[in-house]
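The values are calculated or read from the model by the stated rules, or taken from the named source; none is laboratory data. Computed from a prediction, not measured in an experiment: that's the story for all the values here. Heads up, the Cβs are rebuilt from the backbone with ideal geometry, glycines too, and the neighbour counts pull from every protein chain shown.
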Amino acid sequence: METIKAIMTRRSIRVFKDTPVTEAQIKVLLEAAMNAPSAGDGRPWHFVVTTDRAQLDALADAVDEGNPMFKQAPAAILICLDESLEKFKGFGPQDCSCAAQNLQLAAHELGLSTVWVAVIGVPPRVAGCRKVLGVPEHIKPFALFPLGVPGEHLEAEYRYDEKKIHRGMWSNL
Ligand SMILES: Cc1cc2nc3c(=O)[nH]c(=O)nc-3n(C[C@H](O)[C@H](O)[C@H](O)COP(=O)(O)O)c2cc1C
(Lines give C-alpha, C1' and ligand atoms only; values in the text may rest on other atoms or scores of the structure.)
Protein backbone atom coordinates (compact mmCIF):
# COMPACT_ATOMS: atom_id res chain seq x y z
CA MET A 1 0.00 0.00 0.00
CA GLU A 2 1.25 3.49 -0.73
CA THR A 3 2.02 5.54 2.34
CA ILE A 4 -0.40 8.35 1.50
CA LYS A 5 -3.17 5.84 0.74
CA ALA A 6 -2.55 4.12 4.07
CA ILE A 7 -2.69 7.43 5.93
CA MET A 8 -5.90 8.50 4.19
CA THR A 9 -7.78 5.21 4.71
CA ARG A 10 -6.73 4.18 8.25
CA ARG A 11 -9.56 4.20 10.78
CA SER A 12 -9.83 3.25 14.42
CA ILE A 13 -11.44 -0.17 14.62
CA ARG A 14 -13.05 -1.40 17.84
CA VAL A 15 -14.55 -4.72 16.67
CA PHE A 16 -12.27 -7.66 15.93
CA LYS A 17 -12.54 -11.17 14.52
CA ASP A 18 -11.01 -13.95 16.58
CA THR A 19 -8.48 -14.78 13.85
CA PRO A 20 -5.07 -14.93 15.56
CA VAL A 21 -2.45 -12.27 14.96
CA THR A 22 0.78 -14.06 14.05
CA GLU A 23 4.21 -13.56 15.61
CA ALA A 24 5.47 -12.47 12.17
CA GLN A 25 2.82 -9.74 12.02
CA ILE A 26 3.64 -8.59 15.54
CA LYS A 27 7.31 -8.39 14.61
CA VAL A 28 6.50 -6.12 11.65
CA LEU A 29 4.44 -3.85 13.91
CA LEU A 30 7.25 -3.60 16.44
CA GLU A 31 9.82 -2.97 13.70
CA ALA A 32 7.66 -0.16 12.30
CA ALA A 33 7.11 1.33 15.77
CA MET A 34 10.80 1.26 16.61
CA ASN A 35 11.75 2.87 13.30
CA ALA A 36 9.90 6.03 14.33
CA PRO A 37 11.74 9.31 14.75
CA SER A 38 12.48 10.40 18.31
CA ALA A 39 14.08 13.47 19.84
CA GLY A 40 17.85 13.04 19.79
CA ASP A 41 17.20 9.47 18.59
CA GLY A 42 16.50 8.63 22.22
CA ARG A 43 13.98 5.84 21.50
CA PRO A 44 12.58 6.02 25.02
CA TRP A 45 9.99 3.32 24.40
CA HIS A 46 9.28 -0.23 25.49
CA PHE A 47 6.52 -2.52 24.23
CA VAL A 48 4.55 -5.09 26.17
CA VAL A 49 2.96 -7.62 23.81
CA THR A 50 0.27 -10.05 24.83
CA THR A 51 -1.70 -12.70 22.97
CA ASP A 52 -2.83 -14.38 26.18
CA ARG A 53 -6.63 -14.62 26.36
CA ALA A 54 -6.74 -14.36 30.15
CA GLN A 55 -4.55 -11.25 30.13
CA LEU A 56 -6.59 -9.65 27.34
CA ASP A 57 -9.81 -10.31 29.26
CA ALA A 58 -8.23 -8.87 32.40
CA LEU A 59 -7.18 -5.79 30.44
CA ALA A 60 -10.78 -5.28 29.34
CA ASP A 61 -11.86 -5.09 32.96
CA ALA A 62 -8.82 -3.27 34.30
CA VAL A 63 -8.59 -0.63 31.61
CA ASP A 64 -12.19 0.15 30.88
CA GLU A 65 -14.63 -1.81 33.04
CA GLY A 66 -15.28 -4.60 30.56
CA ASN A 67 -14.29 -2.87 27.34
CA PRO A 68 -15.41 -5.40 24.69
CA MET A 69 -12.55 -4.49 22.38
CA PHE A 70 -10.12 -6.36 24.59
CA LYS A 71 -12.51 -9.29 25.04
CA GLN A 72 -12.45 -9.76 21.25
CA ALA A 73 -8.96 -8.75 20.22
CA PRO A 74 -6.52 -11.66 19.89
CA ALA A 75 -3.52 -9.46 20.73
CA ALA A 76 -2.59 -6.14 22.24
CA ILE A 77 0.52 -4.00 22.46
CA LEU A 78 1.14 -1.52 25.25
CA ILE A 79 3.62 1.22 24.39
CA CYS A 80 5.48 2.35 27.49
CA LEU A 81 7.65 5.40 28.15
CA ASP A 82 10.97 5.06 29.94
CA GLU A 83 11.74 8.68 30.86
CA SER A 84 15.31 7.73 31.83
CA LEU A 85 15.98 7.14 28.11
CA GLU A 86 14.75 10.56 26.96
CA LYS A 87 17.61 12.43 25.25
CA PHE A 88 15.73 15.70 25.72
CA LYS A 89 13.59 15.85 28.85
CA GLY A 90 9.88 16.03 28.26
CA PHE A 91 9.92 14.82 24.65
CA GLY A 92 9.07 11.22 25.52
CA PRO A 93 5.31 11.44 24.87
CA GLN A 94 6.00 12.89 21.42
CA ASP A 95 8.48 10.10 20.72
CA CYS A 96 5.99 7.45 21.82
CA SER A 97 3.30 9.10 19.70
CA CYS A 98 5.49 8.72 16.62
CA ALA A 99 5.97 5.04 17.41
CA ALA A 100 2.23 4.69 17.96
CA GLN A 101 1.29 6.15 14.61
CA ASN A 102 3.85 3.97 12.81
CA LEU A 103 2.35 0.93 14.55
CA GLN A 104 -1.19 1.89 13.49
CA LEU A 105 -0.22 2.45 9.87
CA ALA A 106 1.77 -0.79 9.72
CA ALA A 107 -1.23 -2.68 11.11
CA HIS A 108 -3.40 -1.14 8.39
CA GLU A 109 -0.89 -2.19 5.72
CA LEU A 110 -1.01 -5.79 7.02
CA GLY A 111 -4.82 -5.90 6.92
CA LEU A 112 -5.00 -5.70 10.68
CA SER A 113 -6.58 -2.91 12.62
CA THR A 114 -6.31 -1.25 15.97
CA VAL A 115 -7.30 1.80 17.96
CA TRP A 116 -5.22 4.06 20.17
CA VAL A 117 -6.48 3.63 23.73
CA ALA A 118 -5.13 6.47 25.86
CA VAL A 119 -3.40 5.33 29.04
CA ILE A 120 -0.92 8.00 30.17
CA GLY A 121 -2.83 10.71 32.04
CA VAL A 122 -5.71 8.34 32.88
CA PRO A 123 -4.80 7.01 36.37
CA PRO A 124 -7.19 4.01 36.50
CA ARG A 125 -5.92 2.79 33.12
CA VAL A 126 -2.31 3.27 34.18
CA ALA A 127 -3.00 1.20 37.28
CA GLY A 128 -4.82 -1.44 35.23
CA CYS A 129 -1.92 -1.82 32.80
CA ARG A 130 0.58 -2.02 35.64
CA LYS A 131 -1.46 -4.72 37.36
CA VAL A 132 -2.27 -6.91 34.34
CA LEU A 133 1.00 -6.51 32.42
CA GLY A 134 3.39 -6.08 35.34
CA VAL A 135 4.74 -2.70 34.26
CA PRO A 136 7.19 -1.46 36.92
CA GLU A 137 6.81 1.89 38.69
CA HIS A 138 9.68 3.65 36.89
CA ILE A 139 8.08 2.95 33.46
CA LYS A 140 5.00 4.89 32.31
CA PRO A 141 2.29 2.98 30.41
CA PHE A 142 1.64 5.30 27.45
CA ALA A 143 -1.02 3.88 25.14
CA LEU A 144 -2.61 0.52 24.51
CA PHE A 145 -3.42 -0.97 21.10
CA PRO A 146 -5.82 -3.91 20.74
CA LEU A 147 -4.98 -5.72 17.51
CA GLY A 148 -6.83 -8.01 15.18
CA VAL A 149 -8.45 -8.62 11.86
CA PRO A 150 -11.17 -5.97 11.55
CA GLY A 151 -14.70 -7.08 12.41
CA GLU A 152 -16.19 -3.80 11.19
CA HIS A 153 -15.56 -1.53 8.22
CA LEU A 154 -15.33 2.21 8.57
CA GLU A 155 -15.14 4.32 5.43
CA ALA A 156 -12.17 6.59 4.94
CA GLU A 157 -12.88 10.15 6.08
CA TYR A 158 -11.50 13.19 4.29
CA ARG A 159 -10.72 15.79 6.95
CA TYR A 160 -8.76 18.42 5.08
CA ASP A 161 -9.97 21.80 6.34
CA GLU A 162 -8.86 25.07 4.76
CA LYS A 163 -9.91 26.97 7.90
CA LYS A 164 -7.09 25.31 9.82
CA ILE A 165 -4.45 26.65 7.46
CA HIS A 166 -2.72 30.00 7.93
CA ARG A 167 -0.42 30.94 5.08
CA GLY A 168 2.45 33.23 5.94
CA MET A 169 0.67 34.94 8.84
CA TRP A 170 -2.12 33.80 11.18
CA SER A 171 -5.19 35.65 9.99
CA ASN A 172 -8.96 35.26 10.24
CA LEU A 173 -9.52 37.09 6.96
C1 LIG B 1 -4.17 10.42 21.82
C2 LIG B 1 -5.36 9.60 21.43
C3 LIG B 1 -6.12 8.99 22.41
C4 LIG B 1 -7.20 8.17 22.07
N5 LIG B 1 -7.88 7.51 23.06
C6 LIG B 1 -8.88 6.68 22.73
C7 LIG B 1 -9.51 5.90 23.74
O8 LIG B 1 -9.14 5.94 24.91
N9 LIG B 1 -10.53 5.07 23.37
C10 LIG B 1 -10.93 4.98 22.07
O11 LIG B 1 -11.86 4.20 21.81
N12 LIG B 1 -10.34 5.69 21.08
C13 LIG B 1 -9.32 6.54 21.38
N14 LIG B 1 -8.67 7.23 20.39
C15 LIG B 1 -9.08 7.09 18.98
C16 LIG B 1 -9.87 8.32 18.50
O17 LIG B 1 -11.15 8.30 19.07
C18 LIG B 1 -9.92 8.30 16.97
O19 LIG B 1 -8.62 8.36 16.45
C20 LIG B 1 -10.72 9.47 16.42
O21 LIG B 1 -12.08 9.37 16.78
C22 LIG B 1 -10.63 9.59 14.89
O23 LIG B 1 -11.09 8.40 14.28
P24 LIG B 1 -10.15 7.52 13.32
O25 LIG B 1 -8.96 7.09 14.13
O26 LIG B 1 -11.00 6.38 12.87
O27 LIG B 1 -9.67 8.38 12.19
C28 LIG B 1 -7.57 8.03 20.71
C29 LIG B 1 -6.79 8.63 19.72
C30 LIG B 1 -5.69 9.39 20.07
C31 LIG B 1 -4.82 9.98 18.98
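Per-structure values
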item: Pair list, Cβ < 9 Å and 6+ apart or interchain, from the stretch 9-24 residues that are more than 9 Å from residue 149 (Cα to Cα) to residues that are away from the ligand (no atom under 16 Å from the Cβ) and part of a helix (DSSP H, G or I); result: none
item: Residues satisfying the stated conditions in the stretch 67-95, i.e. among the aromatic types (Phe, Trp, Tyr) and more than 16 Å from residue 142 (Cα to Cα); result: 70, 88
item: Identity of the residue in the stretch 143-173, farther than 22 Å from residue 21 by Cα and of a type in the set (A, V, I, L, M, F, W, C), that ends up surrounded by the most Cβ atoms within 10 Å (Cβ to Cβ); result: 156
item: Cross-chain or 6+ apart pairs with Cβ under 8 Å, the stretch 52-70 first and over 19 Å from residue 150 (Cβ atoms) and polar (S, T, N, Q), then surrounded by 14 or more Cβ atoms within 10 Å (Cβ to Cβ) and modelled with pLDDT under 95; result: none
item: Qualifying residue in the stretch 99-121 (condition: outside any helix (DSSP H, G or I), in contact with a Lys or Arg (Cβ under 7 Å, 6 or more places away or on another chain) and away from the ligand (no atom under 12 Å from the Cβ)); result: no
item: Selection within the stretch 132-145 - more than 12 Å from the ligand (Cβ to nearest atom) and of a type outside the set (D, E, K, R); result: 132, 133, 134, 135, 136, 138, 139, 141
item: Any hit, the stretch 54-66, residues being β-branched (Val, Ile, Thr) and away from the ligand (no atom under 16 Å from the Cβ); result: no
item: Residue that is within 12 Å of the ligand (Cβ to nearest atom) and in contact (Cβ under 8 Å) with a residue 24 or more places away in the chain, where the choices are 129, 96; result: 96
item: Qualifying positions in the stretch 76-93 - buried (at least 23 other Cβ atoms within 10 Å of the Cβ) and more than 17 Å from residue 34 (Cβ to Cβ); result: 76
